[in-house]
1. I'd like to know how segment 30-88 sits against the 2.2 N^0.38 Å rule of thumb: what's its Cα Rg over that expected value?
2. What distance in nm separates the simple spin-label points at K212 and D88, each placed 7 Å from Cα in the Cβ direction?
3. Over all distinct Cα pairs, what is the inverse of the mean 1/r for the chain, reported as the Kirkwood hydrodynamic radius in Å?
4. Within 14 Å, Cβ to Cβ, of S119, how many net charges do the neighbouring residues add up to if Lys/Arg are +1 and Asp/Glu are -1?
5. From the square roots a ≥ b ≥ c of the eigenvalues of the alpha-carbon gyration tensor of segment 91-225, which class results: rounded (a/c under 1.5), prolate (a/b over b/c), or oblate?
6. Quick one: which of 58-70, 93-105, 210-222 comes out on top by average Cβ neighbours within 10 Å, and what's the full order, highest first?
7. With a ≥ b ≥ c taken as the square roots of the eigenvalues of the C-alpha gyration tensor of segment 98-171, please select rounded if a/c is under 1.5 and otherwise prolate if a/b is larger than b/c or oblate if it is not?
8. Within the chain, which whole H helices from DSSP have a Cα span along their axis of at least 27 Å and a mean Kyte-Doolittle hydropathy of -1.0 or more, if any?
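We did not get these values from a lab; they are worked out from the coordinates using the rules stated. It should be emphasised that the depicted structure is a prediction, and the values quoted were computed from it without experimental measurement. When we count neighbours, we look across all protein chains shown, and the Cβ atoms used for this are built from the backbone with ideal geometry, even at glycine.
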Amino acid sequence: SNLCNSCFNCVCDLVKPVFSRICIEGNIASGKTTCLEYFSKTSNIEVLTEPVSKWRNVQGHNPLALMYQDPARWGLTLQTYVQLTMLDRHLSTVAAPVRMMERSLYSAKYIFVENLYRSGKMPEVDFAVLSEWFEWIIKNIAIPVDLIVYLQTSPQTCYERLKRRCREEERVIPIEYLESIHNLYEDWLIKQTSFKVPAPVLVIPADHDLQKMLQQYEENREKILTTGRA
Ligand SMILES: Nc1ncnc2c1ncn2[C@@H]1O[C@H](COP(=O)(O)OP(=O)(O)O)[C@@H](O)[C@H]1O
Ligand SMILES: Cc1cn([C@H]2C[C@H](O)[C@@H](COP(=O)(O)O)O2)c(=O)[nH]c1=O
């Protein structure tokens, strides 16, 4: 339709979009929110941070804390809610030519659900139910992503930043957990041997101090902001 070229929300495959949807991916405390905060100062960029506050408070309950306390019991509960809130983020009306979103429906499944399952902390039946939900969603609903920006860190860097950030629920996270998440990210986005990668990947080394990170964001600004645009 002629409307496609001027409509931010159109998901029509036939017409090249004039907007782009970027997902910022990386380990816990790798610097995703800090990156999004930096780009939020640019006009014409809409920034969607992860709905962590929802995961910490759904009608007075804290499924994030419950999951860390007892993953086998509460992993399905948290991940079902993460899947819903991520879907909601992907489908929300685009308000600007460029949209940057923290993580995605894909990483929630390919990294976090997968990690719970592989580490023996998610029962097979819970994994099967979540997997069918996920497969149904990506088969029936268009979840377009034009670029993945992967903030590549060492697990040790994330561990140090996580400790400094001091989020109450995450006090129990050992370095081994961050190593598992790191390995899943590397298999998915670098080696590309685990799951389908839904968009081209731009890798930004992210162990550096803040000043160097901001310099790298500037160096990559054009590449990031013009991806997927006509
Ligand atoms: N390049 C950096 N060097 C040092 N500390 C950082 C850097 N980037 C972010 N931080 C700090 O590390 C913590 C985690 O960063 P954050 O952006 O919240 O990560 P994420 O959103 O990936 O979990 C925060 O306390 C933040 O201020
Ligand atoms: C997507 C996703 C996240 N989590 C957990 C991991 C962290 O504790 C927080 C997100 O914080 P970050 O600093 O933005 O990485 O949520 C999870 O358990 N499951 C998920 O699918």
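1. This ratio for segment 30-88 stands at 1.36.
2. 3.9
3. The answer is 18.4 Å.
4. That sum, taken over residues with Cβ under 14 Å, equals -4.
5. Oblate, since a/c reaches 1.5 and b/c is not below a/b.
6. Top of the packing list down: 93-105, 58-70, 210-222.
7. Values: a/c = 2.54, a/b = 1.24, b/c = 2.05.
Oblate shape, in that a/c is at least 1.5 and b/c is the bigger or equal ratio.
8. Both cut-offs are met by 71-91.
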